[in-house]
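Undergrad: For reference, the structure I am asking about is given below.
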Amino acid sequence: MTRTNWITWLGALGAVAVLGATQAGCNEPTCGTGTIDMNGACVPANDMVGSAACGAGTHLGATSQCVPDLPPTQCDPDSTEQMTDPMTGITTCVGTGGTGCQAQIACGTPSASKMTICGQFFNIEDNTLLRDATPTGANCDPSNPTPTGPCSMQILAYDAIDFATNGMSATPLPNDEIVINNCGQFRIKNVNISGVNFVGIGLEDNVKATPTAPHRLSGVALPAVAKAITNFPAYDVKNSVDQAWTSSAGLSGSTFVDRGVYMALFTHGATPVAGVKITVAGGTDATNDYYFSDTDPASRMTVAPAATATGANGAGLMIGHNMNLTNYSGTGMEPTGCMWPTDLGDQITNVAFIQPRVAQVSGNSTMICP
């Protein structure tokens, strides 16, 4: 396959569906004023308070109640591995003793000034896991890929800004190891991020397995930080899904991805939000935005040409703005005291640029809306 189908991007400050993780071996929290301990977690008390009444480790939330800050987490090194969600900042202790797909892929600690990225493949059309029918957790052999499933794919890391600027002349970033297993989990170890601001993770067909290219190149993007990133999602965009979007939208000729498409996924926490319009460069564009009619919040298959805002799945598509990186966001149905994040995005020919837009506390771009 040629690299004419490139990368599906995810906004660095967005949040997406993340892998479920079982906490084990972690310290019990100490709850501050305005919160109470419930099953080992600090949750808001019912009292409405002023900011001065919030104790250490808490802050005044959007509902005028004290809510907990994210406390530091210590994991038992003998039975768990500390994993921090790159989107929410939440740290969990994940058991390492499971078998098959029960245990997450070991991520480890990267070398100095390097970055290791670990995560899971998802299907964009329904948010299901991309894995073998009977997965065992065995690593894929990239020189002998399978015809289908995660072992038919390959994943690479790029300088995201370089690719947006230079397209196909961008070169994958050096790294020590790339591992994919048949659970659809991946690890890109010790990525050299010297001089890089954002890393793009590209997921596409392994041409040795699928020379007919049944998938568009897809992936994720995140800030370049010298640390291990875990629970990171990479999205598989099938040709059939791109065709379904295009057909249901009534577009003729080139598909959405052929044209270069931006896709936003608006959620409040993990819940999709209906009634939101995509904004690009600070404004809406009713001519070039498209939304879905799927009634299942997890489904993203059928575009409704007459729709003017997101439906049950909180998703939207934008075309017609092929340009260098510019700000994308949303407007409408913001939760009380919250806003839709604004991040750089792009529409690149033969690229699906996907950004989850998770509501943030107004005036605080690092805090997810409670």
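Undergrad: One residue is enough: does segment 225-239 have a residue meeting the conditions hydrophobic (A, V, I, L, M, F, W, C), in contact with a helix residue (DSSP H, G or I) (Cβ under 6 Å, 6 or more places away or on another chain), surrounded by 16 or more Cβ atoms within 10 Å (Cβ to Cβ) and over 16 Å from Cys107 (Cβ atoms)?
TA: Taking every residue of segment 225-239 in turn, none turns out to be hydrophobic (A, V, I, L, M, F, W, C), in contact with a helix residue (DSSP H, G or I) (Cβ under 6 Å, 6 or more places away or on another chain), surrounded by 16 or more Cβ atoms within 10 Å (Cβ to Cβ) and over 16 Å from Cys107 (Cβ atoms).
Undergrad: Something else about it: Pick from segment 165-191 the residues that are of a type in the set (A, V, I, L, M, F, W, C) and either touching a Gly at 6+ places or on another chain (Cβ under 8 Å) or within 24 Å of Asn231 (Cβ to Cβ) (or both): which of them is surrounded by the fewest Cβ atoms within 10 Å (Cβ to Cβ)?
TA: Restricting to residues being of a type in the set (A, V, I, L, M, F, W, C) and either touching a Gly at 6+ places or on another chain (Cβ under 8 Å) or within 24 Å of Asn231 (Cβ to Cβ) (or both), the top hit is Val179.
Undergrad: Can you tell me which of Gly283, Gly314, Gly275 is buried (at least 17 other Cβ atoms within 10 Å of the Cβ), at pLDDT 95 or above and among the small types (Gly, Ala, Ser)?
TA: Among Gly283, Gly314, Gly275, only Gly314 is buried (at least 17 other Cβ atoms within 10 Å of the Cβ), at pLDDT 95 or above and among the small types (Gly, Ala, Ser).
Undergrad: Return the pairs, sorted by first residue and then second, in which the second residue is in a helix (DSSP H, G or I) and at pLDDT 95 or above, the first residue lies in segment 234-257 and is among the charged types (D, E, K, R), the beta carbons are less than 7 Å apart, and the residues are 6+ apart or on different chains.
TA: Partner pairs satisfying both residue conditions: Asp242/Phe256.
Undergrad: Here are some residues: Asn324, Asn313. Which one is touching a helix residue (DSSP H, G or I) at 6+ places or on another chain (Cβ under 8 Å) and either more than 12 Å from Arg357 (Cα to Cα) or assigned to a loop (DSSP other than H, G, I, E, B) (or both)?
TA: Of the residues listed, the single one that is touching a helix residue (DSSP H, G or I) at 6+ places or on another chain (Cβ under 8 Å) and either more than 12 Å from Arg357 (Cα to Cα) or assigned to a loop (DSSP other than H, G, I, E, B) (or both) is Asn324.
Undergrad: Still on this model: Run Gly363 past the list (1) on the phi < 0 side of the Ramachandran plot; (2) part of a loop (DSSP other than H, G, I, E, B) and report the number of the one that doesn't hold.
TA: Tallying (1) on the phi < 0 side of the Ramachandran plot; (2) part of a loop (DSSP other than H, G, I, E, B), Gly363 fails exactly one: (1).
Undergrad: Tell me, which residue of segment 202-258 that is of a type in the set (A, V, I, L, M) and more than 20 Å from the chain's Cα centre (by Cα) is modelled with the lowest pLDDT?
TA: Ala209
Undergrad: Still on this structure: For Gln154, all conditions in the list (1) at pLDDT below 90; (2) farther than 11 Å from Ile117 by Cα hold save one; what is the number of the exception?
TA: (1)
Undergrad: OK, next. Inspect segment 169-188 for any residue being touching a helix residue (DSSP H, G or I) at 6+ places or on another chain (Cβ under 6 Å), at pLDDT 95 or above, assigned by TED's automatic domain parsing to the domain that holds Met115 and part of a loop (DSSP other than H, G, I, E, B) and give the result as yes or no.
TA: yes
Undergrad: Select from segment 331-347 the residues that are in a loop (DSSP other than H, G, I, E, B), in contact (Cβ under 8 Å) with a residue 60 or more places away in the chain and either over 19 Å from the mean Cα position of the chain (by Cα) or in the same structural domain as Asn166 (by TED's automatic domain parsing) (or both) and list them in ascending order.
TA: Met333, Pro335, Thr336, Gly337 - these are the residues of segment 331-347 that are in a loop (DSSP other than H, G, I, E, B), in contact (Cβ under 8 Å) with a residue 60 or more places away in the chain and either over 19 Å from the mean Cα position of the chain (by Cα) or in the same structural domain as Asn166 (by TED's automatic domain parsing) (or both).
Undergrad: Looking only at residues that are touching a Gly at 6+ places or on another chain (Cβ under 9 Å) and charged (D, E, K, R) in segment 304-355, which one is nearest to Glu204 (Cα to Cα)?
TA: If we take residues in segment 304-355 being touching a Gly at 6+ places or on another chain (Cβ under 9 Å) and charged (D, E, K, R), then Asp346 is nearest to Glu204 (Cα to Cα).
Undergrad: Still on this structure, please answer the following. Quick check: is even one residue across segment 296-306 at pLDDT 95 or above and not in a loop (DSSP other than H, G, I, E, B)? Give the steps one after another, and end with the answer.
TA: Step one: list which residues in segment 296-306 are at pLDDT 95 or above, which gives 296-306.
Okay, now just the ones that are also not in a loop (DSSP other than H, G, I, E, B), so 303-304.
Taking every residue of segment 296-306 in turn, at least one turns out to be at pLDDT 95 or above and not in a loop (DSSP other than H, G, I, E, B).
Undergrad: To continue, here is another question. Look through Thr91, Thr128, Thr109, Thr134 and report the one residue that is closer than 30 Å to Asn364 by Cβ and modelled with pLDDT of 90 or more.
TA: Working: Thr91 fails: modelled with pLDDT of 90 or more; Thr128 fails: closer than 30 Å to Asn364 by Cβ; Thr134 fails: closer than 30 Å to Asn364 by Cβ.
Exactly one of Thr91, Thr128, Thr109, Thr134 is closer than 30 Å to Asn364 by Cβ and modelled with pLDDT of 90 or more, namely Thr109.
Undergrad: Is it true that some residue in segment 354-361 is more than 22 Å from His215 (Cβ to Cβ), surrounded by fewer than 18 Cβ atoms within 10 Å (Cβ to Cβ) and not assigned by TED's automatic domain parsing to the domain that holds Glu125? Don't jump to the end; show me each part of the working.
TA: Just the residues of segment 354-361 that are more than 22 Å from His215 (Cβ to Cβ), to begin with: 357-361.
Remaining after also requiring surrounded by fewer than 18 Cβ atoms within 10 Å (Cβ to Cβ): none.
No, segment 354-361 contains no residue that is more than 22 Å from His215 (Cβ to Cβ), surrounded by fewer than 18 Cβ atoms within 10 Å (Cβ to Cβ) and not assigned by TED's automatic domain parsing to the domain that holds Glu125.
The values are calculated or read from the model by the stated rules, or taken from the named source; none is laboratory data. Note that this is a predicted model, so its numbers are computed, not measured. We place every Cβ from the backbone using ideal geometry, glycine too, and count neighbours over all the protein chains shown.
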